[in-house]
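A.B. asks: So that we are looking at the same thing, I have put the structure below in structure tokens.
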Amino acid sequence: MDVRIYDTARAMGAAAAAAVADELRERIAGQGQAAVLLASAPSQFDTWDALALQPGIEWGRVTVFHLDEYVGFDEAHPQSLRGLLKARFLSRIPIGGFHGLRGEAPGPEAECRRYARLLEENPPSLALIGIGENGHLAFNDPHVADFKDPLAVKIVDLDEACRRQQVHDGAFRSISEVPARALTLTIPRIMSAPAVFAAVPGSRKRRAVEAALGGPISPDCPASVLRTHPRCVLFLDTEAAPAGRAPR
């Protein structure tokens, strides 16, 4: 894995955005369009801010998918993840298309199948993701992470560490408010993107980053699977970087 470390979260976000922009411009030039997977979380704000300002991206040729949504939440819900992505980033660019996971769908299993079909019809060429405090990718917490998952999208029960992270991020006032279930893209679906960029700032992510980089490749730390991707770049700030790793 290509690991790049920056002095601040803002510098990290600028570097991640520049790399994503280069990839988008190349894909659009070569294929006429690009599909992208985007994480929806405060950890991505610095990258989104910088990406929205990148020049020369034909956003009208870009289709965006996102990684996860809480079961029962519609887009207008204050804590909706797709609502956050649209309000904080997609509203700032002339995006060609956006497909959202509908947490409010009366049949969550059918919604997973619908979204899986959309992904199959327009396979993402790159993913911009984060890593959770428990090492999760999207909402694939350790107890549900499956590196050989046969599904592309599934319903999961969120573990306590994941739910506490949502409080740490300021999305909820207490863990009792955080939903217990969510829809998520699975790890094989995320890993199928030809290029994966992970933007991971903040001291609360350091233990997960250390496990992802130096521990066993195991669902115990779902992010460790990124070491098996042929083209993954991990962007860190100094707070998230393991001890002894300096900015470069």
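A.B. asks: Take Asp2 and tell me if it is in contact with a helix residue (DSSP H, G or I) (Cβ under 6 Å, 6 or more places away or on another chain) and of a type in the set (D, E, K, R). Break it down stepwise before answering.
C.D. replies: Values: in contact with a helix residue (DSSP H, G or I) (Cβ under 6 Å, 6 or more places away or on another chain): no; of a type in the set (D, E, K, R): yes.
Here the answer is no, as Asp2 does not meet what is asked.
A.B. asks: Another question, then. Restricting to segment 208-222, count the residues that are closer than 12 Å to Ala241 by Cβ and hydroxyl-bearing (Ser, Thr, Tyr).
C.D. replies: Within segment 208-222, residues that are closer than 12 Å to Ala241 by Cβ and hydroxyl-bearing (Ser, Thr, Tyr) number 0.
A.B. asks: Please go through (1) of a type in the set (A, V, I, L, M); (2) surrounded by fewer than 22 Cβ atoms within 10 Å (Cβ to Cβ); (3) within 27 Å of Ile217 (Cα to Cα) for Ile131 and return the number of the only condition it doesn't satisfy.
C.D. replies: In the conditions (1) of a type in the set (A, V, I, L, M); (2) surrounded by fewer than 22 Cβ atoms within 10 Å (Cβ to Cβ); (3) within 27 Å of Ile217 (Cα to Cα), Ile131 misses (2) alone.
A.B. asks: Let me spell it out: the conditions are (1) modelled with pLDDT under 95; (2) part of a strand (DSSP E or B), and Ala246 meets all of them except one. Which number is the exception?
C.D. replies: (2)
A.B. asks: Restricting the search to segment 227-243, which residues are in a loop (DSSP other than H, G, I, E, B) and not hydroxyl-bearing (Ser, Thr, Tyr)?
C.D. replies: Pass one, segment 227-243, residues in a loop (DSSP other than H, G, I, E, B): 229-231, 238-243.
The answer is His229, Pro230, Arg231, Glu239, Ala240, Ala241, Pro242, Ala243.
A.B. asks: I'd like the full set of residues that are among the polar types (S, T, N, Q), in contact (Cβ under 8 Å) with a residue 60 or more places away in the chain and within 22 Å of His143 (Cβ to Cβ), limited to segment 210-248. Steps first, please.
C.D. replies: Taking segment 210-248 as the starting set, the residues that turn out to be among the polar types (S, T, N, Q) are 218, 224, 228, 238.
Filter again for in contact (Cβ under 8 Å) with a residue 60 or more places away in the chain, leaving 224, 238.
Within segment 210-248, just Ser224 meets the criteria.
A.B. asks: Could you check segment 20-115 for strands (runs of 3 or more DSSP E) lying wholly inside it with 3 or more residues that are surrounded by fewer than 20 Cβ atoms within 10 Å (Cβ to Cβ) and modelled with pLDDT of 95 or more?
C.D. replies: Answer list for segment 20-115: 97-99.
A.B. asks: A further question on this structure: Quick one: which of Ala180, Ala193, Ala127, Ala138 is of a type in the set (Gly, Ala, Ser), without any contact (Cβ under 8 Å) to a residue 60 or more places away in the chain and closer than 21 Å to Leu101 by Cα?
C.D. replies: Numbers: Ala193 fails: without any contact (Cβ under 8 Å) to a residue 60 or more places away in the chain; Ala127 fails: without any contact (Cβ under 8 Å) to a residue 60 or more places away in the chain; Ala138 fails: without any contact (Cβ under 8 Å) to a residue 60 or more places away in the chain.
One residue alone meets the criteria, Ala180.
A.B. asks: Filter segment 182-213 down to the residues that are part of a strand (DSSP E or B) and touching an Asp or Glu at 6+ places or on another chain (Cβ under 6 Å), then identify the one that is nearest to Glu111 (Cα to Cα). Steps first, answer last, please.
C.D. replies: Of all residues in segment 182-213, those part of a strand (DSSP E or B) come to 182-185, 195-200.
Okay, now just the ones that are also touching an Asp or Glu at 6+ places or on another chain (Cβ under 6 Å), so 182-184, 195.
Numbers: Ala182: 12, Leu183: 9, Thr184: 11, Ala195: 26 Å.
Ranking the candidates gives Leu183 first.
A.B. asks: For segment 214-226, enumerate the residues that are hydrophobic (A, V, I, L, M, F, W, C) and part of a loop (DSSP other than H, G, I, E, B).
C.D. replies: Hits for segment 214-226 are Ile217, Cys221.
A.B. asks: Among Pro201, Pro242, which is the only one that is under 17 Å from Asp2 (Cα atoms), crowded, with 16+ Cβ neighbours inside 10 Å and out of contact with any strand residue (DSSP E or B) (no Cβ under 7 Å at 6 or more places or on another chain)? Quick ask: steps written out before the conclusion?
C.D. replies: Details: Pro201 fails: out of contact with any strand residue (DSSP E or B) (no Cβ under 7 Å at 6 or more places or on another chain).
The match here is Pro242.
The values are calculated or read from the model by the stated rules, or taken from the named source; none is laboratory data. Everything quoted here is computed from the prediction, not taken from an experiment. For neighbour counting, all protein chains shown are included, and Cβ atoms are generated from backbone atoms with ideal geometry for every residue, glycine included.
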